[in-house]
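Okay, structure first, notes after.
The values are calculated or read from the model by the stated rules, or taken from the named source; none is laboratory data. Small disclaimer: the values here were computed from a predicted structure and weren't measured. Cβ placement follows ideal geometry from the backbone for every residue including glycine, while neighbour counts extend to all protein chains displayed.
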Amino acid sequence: GNGNANENTDGGNGEGAETEELEGSVVIDGSGTVYPFMARMAENYMGEQENVSVEVSRAGTSAGFSKFLAEDGTDFNNASRPIKDEEKAKAEELGIEVQELKVALDGLTFVINKENDWATDLTEQEIKDIFLASAGKKKWSDVRPDFPAEEIKTYGPNENHGTYEFFFENILEEQQLVDDINLQQDYSTLVDLVSKDKNAIAFFGYGYYASNTDKLSAVKVDFGNGPVAPSVDTIAEDGDYAPFTRPVFSYLNVNHAKEKPQVLDYAIYTMENANAVAEETGFAPLPEEEIKTTVDALNNLK
Amino acid sequence: MKHVNVEQVQKKMGSRLFANTFAKTLFLLATLFGLVVLVVLIYRVIQDGAAWINFDFLTNKLSTDPERAGIMGAILGTLWLMAVVAPVTMVLGVGTAIYLEEYAKKGRIQSIIQTNISNLAGVPSVVFGLLGLTVFARGMELGNVVLAGGLTMALLVLPVVVVSSQEAIRAVPQFLREASFGMGATKWQTVKNVVLPASLPGILTGTILALSRAIGETAPLVVLGIPALLIPLPDSIFDKFTILPVQIYYWTLDSALVAEYTNLAAATILILLIVLFVMNSVAILIRNKFQKRY
Amino acid sequence: MQKSTRQDQHSRPAVSDLIAQKKKNRTVGSTLEKLVPGILFGIAAVSIITTVGILLTLITETVLFFQEVNFFSFFTGTELKPLGQNAVFGVLPLLTGTLISTAIAMLVAIPIGLMTAIYLSEYASEKARRILKPILEILAGIPTIVYGFFAFTFVTPLLRSFIPGLEPTNILSPGLVMGIMIIPMVASLSEDAMSAVPNSMREGALALGSTKLEVTWKVVVPAAISGIIASFVLGISRAIGETMIVTIASGSSKNFTFDITQSMQTMTAYIVEVSGGEAAAGTTLYHSLYAVAMTLFVFTLVMNFIAQYISRRFREEY
Amino acid sequence: MTVLTGKANAKTNNLSASTGSETENKKIVYNTKDLNLWYGEDHALKNINLPIHENEVTAIIGPSGCGKSTYIKTLNRMVEMIPIVRISGEILYRERNIFDKNFQVEDLRTRVGMVFQKPNPFPKSIYENVAYGPKIHGIRDKKILDEIVEKSLKGAAIWNEVKDRLNENAYGLSGGQQQRLCIARALAIEPDVILMDEPTSALDPISTLKVEELVQELKKDFSIIIVTHNMQQAARISDKTAFFLSGEVIEFAETDKIFSTPSDKRTEDYITGRFG
Amino acid sequence: MTVLTGKANAKTNNLSASTGSETENKKIVYNTKDLNLWYGEDHALKNINLPIHENEVTAIIGPSGCGKSTYIKTLNRMVEMIPIVRISGEILYRERNIFDKNFQVEDLRTRVGMVFQKPNPFPKSIYENVAYGPKIHGIRDKKILDEIVEKSLKGAAIWNEVKDRLNENAYGLSGGQQQRLCIARALAIEPDVILMDEPTSALDPISTLKVEELVQELKKDFSIIIVTHNMQQAARISDKTAFFLSGEVIEFAETDKIFSTPSDKRTEDYITGRFG
Ligand SMILES: Nc1ncnc2c1ncn2[C@@H]1O[C@H](COP(=O)(O)OP(=O)(O)OP(=O)(O)O)[C@@H](O)[C@H]1O
Ligand SMILES: Nc1ncnc2c1ncn2[C@@H]1O[C@H](COP(=O)(O)OP(=O)(O)OP(=O)(O)O)[C@@H](O)[C@H]1O
Ligand SMILES: [Mg+2]
Ligand SMILES: [Mg+2]
Ligand SMILES: O=P([O-])([O-])[O-]
């Protein structure tokens, strides 16, 4: 339900200069990974534009796209993976023009319980094996003989999430996951589950780990050159954790941006402040020139 | 021949009396169990939340930063919701009660409506949420605004108001109606001038209890799709909104993300419990003050 | 006659004349009078319309769902994977979740509720009753979200300290807390039923040398049994429909299992999870919401009918 | 049984004819003709014929359950509030059949006031109780209302007791005061006839006396029909008396005559306390 | 008032002494000594002294509210179910004070059966009603229970009417049958004394007669104390009669004597229907 479109049909307000007071609403849904980033961004923005209401939800990337690509859909969809071809096709069919905003970089992080003192560093292959049905790793001792002979409990975000799709498609190369993996809708549920289960291992965006370092440990991953801990530095584009790094996006409905000045204004604001907010919320920043290009593209929409 | 042996009876007496005392203790403990749970629950909530309640917490807008987060939005949302639920349920509930008690002929239609109301009272609240989502939010294209939420909640608590209003109307003695009819008053005049004023305290009590049920319900509004982060304050029934229980829900869900959210949730629970306690006390006061005047 | 004499005494016309005069202008009033029954009937019909609305909403979308998913495989399927490309819709994981949580809740609510009712109705002094009943009412008035919070942040950690295998989200803890929530309902309905048993019955039993326990167990409870059972059935219906406690404290695993230490999802929690902004209208996922809600609705409706039937059919005539 | 009824009727008619001469200057306000009433299967009023004259007090006496209340409630059609009631016959009020389709029952009740066995004031102020009738009939003018209230309360002989507390709740009054307030309330719409169903049975002797005096006073302006269990009361205050027995009118005549020389054995038995 | 009480007591004592000679071979089952009972502030029983003998029917008569039910309920301590009751004095049952700490009330009630004014069978089968008492006292053997049920129902003169429908619900019986069932239920635990509080007041004349005959029959095996409103009944069935008046025993003597030559004026007045 996005009745907000009607709220602003009078729309005349925001056409002028940037200093002008804007009003109306901005509706954002999509990635849970990007949610902390976007929530903070929205909050900051509303501090400056008091009459604009930005609401942020976190249904997950894929679920978000289905709400974004609809009549009267959302204004932005956050995504932790790029838009898919079939989603593009859907947009075209509906006549929605979509602008991709790459907002930050995230590192796929594998977290374990604080009491887990064996799996603190694993090789890239070991991690994949843990999650692959074909590898048949039931117990930690199956991964390495000196690990305890206890059952591995795998957790992750469910299929609504870009994070799941990134892991499944880009890292596991679409091979089947173990059947008993516990997939959840909410990231905080995952944090909670892992923090209370000694044999747990889960994957999600770095940001969720960064705000829970007191509850979880991150697995250092050996990509061939020794174990690397994920951090804002290592997940950067040329960092040592780069194999598990992915860009995160927000997709803008350009039609809405043209109709509603507050939507466009918010898009520009997001890009201009992306790196600052990224740092606060556990993402790696983007190169300045990349941001500049996006901002220019947005300014052209006016 | 004697079948009942006095000595044997006496021998058994001891164990029977012990069983009685034992059972009595057990029953008392069972009764106190509820009390204990209540105490623990409230103690826990106070422990987690009391320290977080202050003026800023009550008056600030929502924020992702626990130090700055406040529940003004949820408080206003709750008030706006009541502003829809109260008149709608009053009109529907009291109207239905008047119809059933004063106008309907005892028969099929009346018993169908009556049965329907008691069944409606047993329909899970999520189902009402779906009704609201389908009919008000999507069907009528209201979106997830106060009006849609309020109408959903109004239907949800309607049976409470109907039943308590019926009881209140039934408690108005017949002789008052006769007195009015005897003056040449019409039925509606009698209902309006005699029956309703006399049953008003009962109706109000029921309505307040229904309202307190409405502002404590979470599921229907979650189904309706209240955004996780909604900072602006609602200022009309066409605005998006959140209410105290929904805020508690999201903070509990996100407590793994930011640990302090547990405290915010607890603090909000305290506020909600206080509001409910006040509302119920008012209801009881009204009931006691105006009870049995004839 | 007297009317005219009265008019002489006073400057104003007689009341009866005034009334007659007003009556002529009262067509508006009498029109209203004629409309009122119709208006009130319209209002009373809203509750019927609501039921019809619920049914229509559920049925239309459920029908769409069963065009996409086989009816039989839905009700016998043990696998529920509503998301992703290869969605599978089997409702059994939700049914077991619902039934198990209800069973746990009733294991708490029935004995404790009944014992509470017995204590209040048969043993407690007037003074104790006056203190205890309002406390139960408070317990009944606490919003379920608060119970959910309580289950998640207090009961689960507490249970985990002595049930080692218990998962952080599990069906046991919300089941227990749901039971606590239902205690007041069972207690107060059962107490009503027992209070309706006439005192002469108790006197008859006491005069035969019964202890209070024997009076209660052999005479009062059997005499009130239909009301007591109806209270249980209503409790079950309430447990089946309860949402927030399980949503918060039982996670969202859709495994088909009977292990109460595991996370399970109930029908209600599924509805919250899927509708909470995720499903776009028109998808199978969205339709599944209604199919599950329909199942839930039928369950609770049947329970309510059973309760009504029991208390009507077996109402004791003393 | 029908024979008996026939006899009773015949007698009643004779009587009313004979009394007719004495009251021939007085008009008939209410004339009941062959009235029968059933509660479901229960035949509660049987072939009632009863002419009631203007500016008189007509008492209705009879043992419990004989149909007194039923009859008096039929006169203003209040009895129809009970769904199982069926009626045949006619009641003419001022020569119009009250069961006529065109006769609005609210109209009838506006002209015919009623006072009940138990005082039944509304849970409102004393003022509002009396003003209730005029208000529902559309009189809104505060000055006129004030006048009506004062006059009615004076008419019911209670003005002096309540004039300083008109805005207090009527439930603060004693039972006797409440009953007189109810009479005032009936007077406020200046009815033509006042029906009273055992108006003093819930009152103490002193209040009873006051109400009795009031009834005597009121008959100057109104026609009064009063049901009473109390034979002495009937003898004291009424001009005519009708004796009911199991739904029939056994005898109807001047009160003096009924109490001195009743024509029917059953009347005599009842009056002398042999049954009832 | 105290003077009066004193007088009454003195008389009562004399009487019991005088009757003592005639029944000296019979033991005293119940002896009430200086019993006083209050409901809150309300002094309901005043200085009662009453010896009751074995295998006799003792009737208690008196106007409504005089304390008959209160007294009989004190004999099996049922009166204590009302929280505001206070008691002083003694009641000796078989020479033991029933208010004694060591005297279990369940024990007392097992030996003293009671039949109430309104029949109060349990909503169970006829069989279960009668078997209830034996069962709670630990008799489980089906054969013994069958025997007890048959014997008790025969004892209560209802066996023939119910023997073919023992498993039907007791509520299917008529009022009179229900009352006899309640008597059978009391007999089933083979009590020593049976207390009856107006056992026939809810029954029709034929049922009443049956119960009266039964009482006469039962006194061979039991001591019976019966409260009755019905003077004729007391005269017909009792051996001794106690006349209560506002909580006091005015007179206690052989029934014949009470009804032929009462010693107290008030007794005479009551018996001849001058009040009550
Ligand atoms: N609402 C009713 N439904 C069925 N029967 C009724 C109803 N009201 C009265 N009756 C029956 O009609 C008969 C006459 O009743 P009514 O109340 O008129 O007697 P009454 O003369 O006023 O007696 P009382 O002196 O006790 O007031 C009685 O047999 C009564 O049982
Ligand atoms: N539960 C009670 N609480 C307070 N007072 C009571 C109670 N029961 C009886 N009384 C009072 O005690 C007095 C004796 O009552 P009791 O029932 O013993 O009279 P009774 O002789 O059995 O009368 P009846 O013939 O009407 O049955 C009465 O004044 C009564 O009001
Ligand atoms: Mg009457
Ligand atoms: Mg008695
Ligand atoms: O919530 P996601 O970022 O994984 O889509």
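Within the range E:25-63, the set of residues being free of Cβ contacts under 8 Å to residues at least 24 places away in the same chain and either outside any strand (DSSP E or B) or under 14 Å from the mean Cα position of the chain (by Cα) (or both) comprises E:Asn25, E:Glu41. Look at the range A:146-172: where a residue is closer than 15 Å to A:Ala202 by Cα and part of a loop (DSSP other than H, G, I, E, B), no partner that is among the β-branched types (Val, Ile, Thr) and within 16 Å of ligand 3 (Cβ to nearest atom) sits 6+ places away or on another chain with Cβ atoms under 8 Å. Of the residues making up the range A:184-224, those that are within 13 Å of chain B (Cβ to nearest Cβ) and of a type in the set (Val, Ile, Thr) are A:Thr189, A:Val191, A:Val194, A:Thr213.
Among the residues making up the range D:153-211, a single one is buried (at least 23 other Cβ atoms within 10 Å of the Cβ), of a type in the set (D, E, K, R) and assigned to a loop (DSSP other than H, G, I, E, B): D:Glu190. When C:Thr78 is tested against (1) modelled with pLDDT under 85; (2) assigned to a loop (DSSP other than H, G, I, E, B), exactly one condition is not met: (1). Restricting attention to the range E:221-238, the residues being within 14 Å of chain B (Cβ to nearest Cβ) and within 13 Å of ligand 2 (Cβ to nearest atom) number 0.
Determine which member of the set C:Met178, C:Met201 is under 26 Å from C:Tyr119 (Cβ atoms), more than 10 Å from chain B (Cβ to nearest Cβ) and in contact with a Lys or Arg (Cβ under 9 Å, 6 or more places away or on another chain). Exactly one residue qualifies, and that residue is C:Met178. Across the range B:145-154, not a single residue is classified as within 15 Å of the chain's Cα centre (by Cα), at the interface with chain C (Cβ under 7 Å from one of its Cβ atoms) and crowded, with 24+ Cβ neighbours inside 10 Å.
Regarding C:Pro184, is this residue part of a loop (DSSP other than H, G, I, E, B) and in the same structural domain as C:Thr98 (by TED's automatic domain parsing)? Judged against the criteria, C:Pro184 is not a match.
Here C:Ala224 meets each of (1) within 13 Å of chain E (Cβ to nearest Cβ); (2) under 30 Å from C:Val246 (Cα atoms); (3) of a type in the set (A, V, I, L, M) with one exception, condition (2).
Here's the yes/no breakdown for (1) more than 12 Å from chain C (Cβ to nearest Cβ); (2) under 30 Å from B:Ile284 (Cβ atoms); (3) out of contact with any strand residue (DSSP E or B) (no Cβ under 6 Å at 6 or more places or on another chain):
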position: B:Ala198; (1), (2), (3): yes, yes, yes
position: B:Ile208; (1), (2), (3): no, yes, yes
position: B:Ser212; (1), (2), (3): no, yes, yes
position: B:Ile215; (1), (2), (3): no, yes, yes
position: B:Ala219; (1), (2), (3): no, yes, yes
position: B:Val223; (1), (2), (3): no, no, yes
position: B:Pro227; (1), (2), (3): no, no, no
position: B:Thr242; (1), (2), (3): yes, yes, no
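A single member of D:Phe222, D:Phe252 is touching a Leu at 6+ places or on another chain (Cβ under 6 Å) and not basic (Lys, Arg), and it is D:Phe252. Taking the criterion of being of a type in the set (Asp, Glu) and either in contact with a Phe, Trp or Tyr (Cβ under 9 Å, 6 or more places away or on another chain) or within 16 Å of ligand 1 (Cβ to nearest atom) (or both), would at least one residue in the range E:95-103 satisfy it? No, that holds for no residue.
Do we find that C:Ile131 is assigned to a helix (DSSP H, G or I), surrounded by fewer than 24 Cβ atoms within 10 Å (Cβ to Cβ) and facing chain B (nearest Cβ under 8 Å) in this structure? First the steps, then the outcome.
Values: assigned to a helix (DSSP H, G or I): yes; surrounded by fewer than 24 Cβ atoms within 10 Å (Cβ to Cβ): yes; facing chain B (nearest Cβ under 8 Å): no.
No.
In a residue-by-residue description of the range B:7-25, the property of being buried (at least 18 other Cβ atoms within 10 Å of the Cβ), within 22 Å of C:Val177 (Cβ to Cβ) and without any contact (Cβ under 8 Å) to a residue 24 or more places away in the chain applies to no position. Within the range B:37-62, the residues that satisfy the criterion of being part of a loop (DSSP other than H, G, I, E, B) and either among the charged types (D, E, K, R) or in contact with a strand residue (DSSP E or B) (Cβ under 9 Å, 6 or more places away or on another chain) (or both) are B:Lys61, B:Leu62. Listed conditions (1) free of Cβ contacts under 8 Å to residues at least 24 places away in the same chain; (2) farther than 28 Å from B:Leu272 by Cβ are all met by C:Thr153, apart from (2). Applying the condition of being in contact with a strand residue (DSSP E or B) (Cβ under 7 Å, 6 or more places away or on another chain) and of a type in the set (S, T, N, Q) to the range E:217-269 and asking which residue is farthest from ligand 5 (Cβ to nearest atom) yields E:Ser263. Could you go through the range D:29-42 and let me know if any residue there is more than 16 Å from ligand 5 (Cβ to nearest atom), within 14 Å of another protein chain (Cβ to nearest Cβ) and surrounded by 21 or more Cβ atoms within 10 Å (Cβ to Cβ). Looking through the range D:29-42, at least one residue is more than 16 Å from ligand 5 (Cβ to nearest atom), within 14 Å of another protein chain (Cβ to nearest Cβ) and surrounded by 21 or more Cβ atoms within 10 Å (Cβ to Cβ). Given the criteria under 29 Å from C:Tyr123 (Cα atoms), among the small types (Gly, Ala, Ser) and away from ligand 1 (no atom under 16 Å from the Cβ), does E:Ser64 qualify? Taking the combined requirement at face value, the residue does not satisfy it. Between a residue in the range E:95-108 that is under 15 Å from B:Lys12 (Cβ atoms) and any residue that is among the β-branched types (Val, Ile, Thr) and surrounded by 15 or more Cβ atoms within 10 Å (Cβ to Cβ), which pairs come within a Cβ distance under 7 Å, given they are 6 or more apart or on different chains? Close Cβ pairs (under 7 Å, with a partner that is among the β-branched types (Val, Ile, Thr) and surrounded by 15 or more Cβ atoms within 10 Å (Cβ to Cβ)) amount to E:Glu106/C:Thr211.
When the residues of the range D:72-95 are filtered to those that are β-branched (Val, Ile, Thr) and assigned to a strand (DSSP E or B), which remaining residue is farthest from ligand 5 (Cβ to nearest atom)?
D:Ile91
Among the residues of the range D:242-265, which ones are within 16 Å of ligand 1 (Cβ to nearest atom) and in contact with an Asp or Glu (Cβ under 8 Å, 6 or more places away or on another chain)? Scanning the range D:242-265 gives D:Ala242, D:Phe243, D:Ile250, D:Glu251.
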